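Peer 1: Before we start, here is the structure in question, set down as structure tokens.
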Amino acid sequence: MRNDPGPRSRPVREHGGHGEGSPAPAPDTLIRTLDGQITAWSSGMEQRYGYSAADALGQTSHRLLRTAFPRSPPEIEAILVSRRHWSGGLVHRHADGGLVIAVNNWTLSSEGDHRSWLVTEVHSDVARAGSGLCRHCADILDVLAHELSEPMTAINAYLDGARRILQPGWPDLANARVAMARASDQIARGVEPLRLLRELAAAMRDNE
């Protein structure tokens with residue numbers, strides 16, 4: 001989690017940038033194998049996530065984008081294989097580390113041997129989710145709950161350790177400072193998910 005205020009510290013966002021009344025951008029699309037290897041990467045994906053096609057091709061999609069899922073990836077893949085389609089709200093990371101929320105629509109092309117199956121992923125903004133907005137927001141909130149629970153648990157552990165270190169009779173000020181600094185780092189780590197909650201709330205208001 002970066003704490004520097006420099007240009008790499010980007011606000012959490014939904015991808016966008018087109019003005020009111022302008023045409024919607026072409027779908028932001030990637031094509032991958034069933035095990036995640038990217039075989040095609042559109043210019044829209046490059047704008048959304050900051051990775052060029054040269055950066056993305058051959059990479060595993062969820063690792064490149066550091067995707068946070070509302071349920072285990074194998075469970076989602078099982079639904080995809082069974083139904084040939086899956087959609088949900090996911091949290092990805094931009095190349096600069098900023099969080100990006102997106103509705104993902106995955107379609108499986110299952111012609112031929114399963115080793116040649118391909119998945120087309122279309123990523124779009126939550127504000128365009130339409131009737132599925134509540135379900136997609138629920139997916140994202142599940143992810144955020146996990147993202148926030150980890151630093152909160154760590155903060156509790158560090159503060160508990162600091163209290164024990166500062167007990168009368170054997171104060172260890174050096175280690176207490178380390179524990180407090182680590183707790184501060186974890187608090188900073190929780191800032192991005194909170195920003196994302198604000199972005200999500202704005203998207204829900206815009207969709208009304």
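Peer 1: Quick check on this structure: which one of Arg182, Arg177 is surrounded by 13 or more Cβ atoms within 10 Å (Cβ to Cβ) and either at pLDDT 70 or above or over 27 Å from the mean Cα position of the chain (by Cα) (or both)?
Peer 2: Only one candidate passes the filter, namely Arg182.
Peer 1: Could you check Leu108 against (1) part of a helix (DSSP H, G or I); (2) more than 20 Å from the chain's Cα centre (by Cα); (3) crowded, with 16+ Cβ neighbours inside 10 Å and say which number it fails?
Peer 2: Result: Leu108 passes all but (1).
Peer 1: Since Ser124 meets every condition but one in (1) of a type in the set (Ser, Thr, Tyr); (2) crowded, with 19+ Cβ neighbours inside 10 Å; (3) at pLDDT below 70, which condition does it not meet?
Peer 2: The one condition Ser124 does not meet is (3).
Peer 1: Among the residues of the range 39-57, how many are touching a residue at least 40 places away in the same chain (Cβ under 8 Å), within 19 Å of the chain's Cα centre (by Cα) and surrounded by fewer than 17 Cβ atoms within 10 Å (Cβ to Cβ)?
Peer 2: 2
The values are calculated or read from the model by the stated rules, or taken from the named source; none is laboratory data. Note that the structure is a prediction, hence the values are computed from the model and not measured. Cβ: placed from backbone, ideal geometry, glycine included. Neighbour counts: every protein chain shown.
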